[in-house]
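The structure appears right after this line, and notes come after that.
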Protein chains: 2
Amino acid sequence: MNKKGLLIVISGPSGAGKGTICKELIYQQVPNLELSVSATTRNPRPGEIEGKSYFFKPKEQFVEMVNNNEFIEYATVYDNYYGTPRKYVVDKLEEGKDVILEIDVQGAMKVKKNTEGAVFVFILPPSMEELKNRITSRGTETLQDIDKRMHKAYDEVCCANNYDYVVVNDDVKSAAEKIKCILMAEKCRVNRAQIDFNSFKEV
Amino acid sequence: MNKKGLLIVISGPSGAGKGTICKELIYQQVPNLELSVSATTRNPRPGEIEGKSYFFKPKEQFVEMVNNNEFIEYATVYDNYYGTPRKYVVDKLEEGKDVILEIDVQGAMKVKKNTEGAVFVFILPPSMEELKNRITSRGTETLQDIDKRMHKAYDEVCCANNYDYVVVNDDVKSAAEKIKCILMAEKCRVNRAQIDFNSFKEV
């Protein structure tokens, strides 16, 4: 039986730790699980690998892909485009791989509109104080930037109700454990289990 | 915050192995998980303990409890009553315990009618051949009994679509693992996660 994989969208406010959790899942080599690779128009940074870090695309090609509806979602960040190529994700799912999409809240809501059958997980920080600590301790942002990020985070937390699951990231390993369980449980859901009940009809 | 427990109903055809899976879960001492205790009018067998194996009740008291709507479900088997006392289950859930109810398909459908928020898991044998092997190898039943059980099992498999999850019991430990994941995942579901989003509104 050809079992299709599951698309799991991991999202949440900046600083909630969605990236760290996804890295932990890949580090643990969860069987059958792969991280989606985004396309971008920005230049590769040292060490980044085409097709693994990103699919690096010239702007004209990216825009053409947008026009051909080849992205599940895309966005512009500081004059650069970023997007999730539909074909890459669909191919992996058809191969039976589970695909993680780590993405911001706005992107996740676009994916929700444009796909069927994906599972949406919202990563919450343990508290807003802790979120502020995490953003501040990066040491890369001005007080004004931090304020802006915190306001955005407030807005985004309200979106959690549009997701299927909420995982509080108080500890990366336990958050990763929960996501592995969500994957396992979703594969057992009656509407997904892909069990051929007819085969239970004859002996 | 007072977190209510989860009621998880484990059901499926006789011979699918639901009892063995529940025993495995209790043996593994899954934190916070308890098996529901049924009431019955039959006499205790050697080694059975009141309040642990069953609540043993005289017939008149059982009937009074039925009339007072004190059972989530009950049934008659060979002139004896068996039932799930509502108060026992509700009290455990209020204490924050997760409660497993191991029950036949007819009982599970009654629980579905009479409760809210429970999670329903259907245990499937790997195949009907394997189910027949299991029932036959018990050595306690006539060929006619086996035929009757198999026919009932066919009917029951059709009910699987009324459940939330289907777990194929090809291996007891892996089936128990899946049920632990289902419990964990259900606790992360947005509508259950009991997260006070208001507390994420101020810093």
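The values are calculated or read from the model by the stated rules, or taken from the named source; none is laboratory data. Predicted model, so just to flag it, every value in this text is computed and none were measured. Quick reminder, even Gly has a Cβ in these numbers, built from the backbone with ideal geometry, and neighbours come from all protein chains shown.
Considering the conditions (1) modelled with pLDDT under 95; (2) at the interface with chain B (Cβ under 10 Å from one of its Cβ atoms); (3) touching a Gly at 6+ places or on another chain (Cβ under 8 Å), residue A:122 is excluded by exactly one of them, (1).
Taking the criterion of being of a type in the set (A, V, I, L, M) and within 10 Å of chain B (Cβ to nearest Cβ), the residues of segment A:151-174 that qualify are A:153, A:157, A:160, A:166, A:167, A:168. Taking the criterion of being small (Gly, Ala, Ser) and part of a strand (DSSP E or B), the residues of segment B:1-56 that qualify are B:11, B:39.
Rundown of residues vs (1) more than 19 Å from the chain's Cα centre (by Cα); (2) small (Gly, Ala, Ser), yes/no style:
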| site | (1), (2) |
| --- | --- |
| A:8 | no, no |
| A:12 | no, yes |
| A:15 | no, yes |
| A:18 | no, no |
| A:47 | yes, yes |
| A:61 | yes, no |
| A:73 | no, no |
| A:78 | yes, no |
| A:82 | no, no |
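For residue A:96, indicate whether it is under 28 Å from residue A:165 (Cα atoms), assigned to a strand (DSSP E or B) and either away from chain B (no Cβ under 14 Å) or touching a His at 6+ places or on another chain (Cβ under 6 Å) (or both). Give the derivation first.
Numbers: under 28 Å from residue A:165 (Cα atoms): yes; assigned to a strand (DSSP E or B): no; either away from chain B (no Cβ under 14 Å) or touching a His at 6+ places or on another chain (Cβ under 6 Å) (or both): yes.
Considered against the rule, which asks whether it is under 28 Å from residue A:165 (Cα atoms), assigned to a strand (DSSP E or B) and either away from chain B (no Cβ under 14 Å) or touching a His at 6+ places or on another chain (Cβ under 6 Å) (or both), residue A:96 comes out as no.
Do we find a residue being hydrophobic (A, V, I, L, M, F, W, C) and under 30 Å from residue A:147 (Cβ atoms) anywhere in segment A:56-66? Within segment A:56-66, not a single residue is hydrophobic (A, V, I, L, M, F, W, C) and under 30 Å from residue A:147 (Cβ atoms). Give segment A:110-144 a look and list any residue that's within 22 Å of the chain's Cα centre (by Cα) and hydrophobic (A, V, I, L, M, F, W, C), or say none. Residues satisfying the conditions are A:111, A:118, A:119, A:120, A:121, A:122, A:123, A:124, A:128, A:131, A:135.
Out of (1) crowded, with 17+ Cβ neighbours inside 10 Å; (2) within 7 Å of chain B (Cβ to nearest Cβ); (3) within 17 Å of residue A:7 (Cα to Cα), what's the single condition that is false for residue A:200? Residue A:200 satisfies all of (1) crowded, with 17+ Cβ neighbours inside 10 Å; (2) within 7 Å of chain B (Cβ to nearest Cβ); (3) within 17 Å of residue A:7 (Cα to Cα) except (3).
Screening residue B:91 against (1) at pLDDT 95 or above; (2) surrounded by 17 or more Cβ atoms within 10 Å (Cβ to Cβ); (3) out of contact with any strand residue (DSSP E or B) (no Cβ under 6 Å at 6 or more places or on another chain); (4) not hydrophobic (A, V, I, L, M, F, W, C) leaves a single unmet condition, (2).
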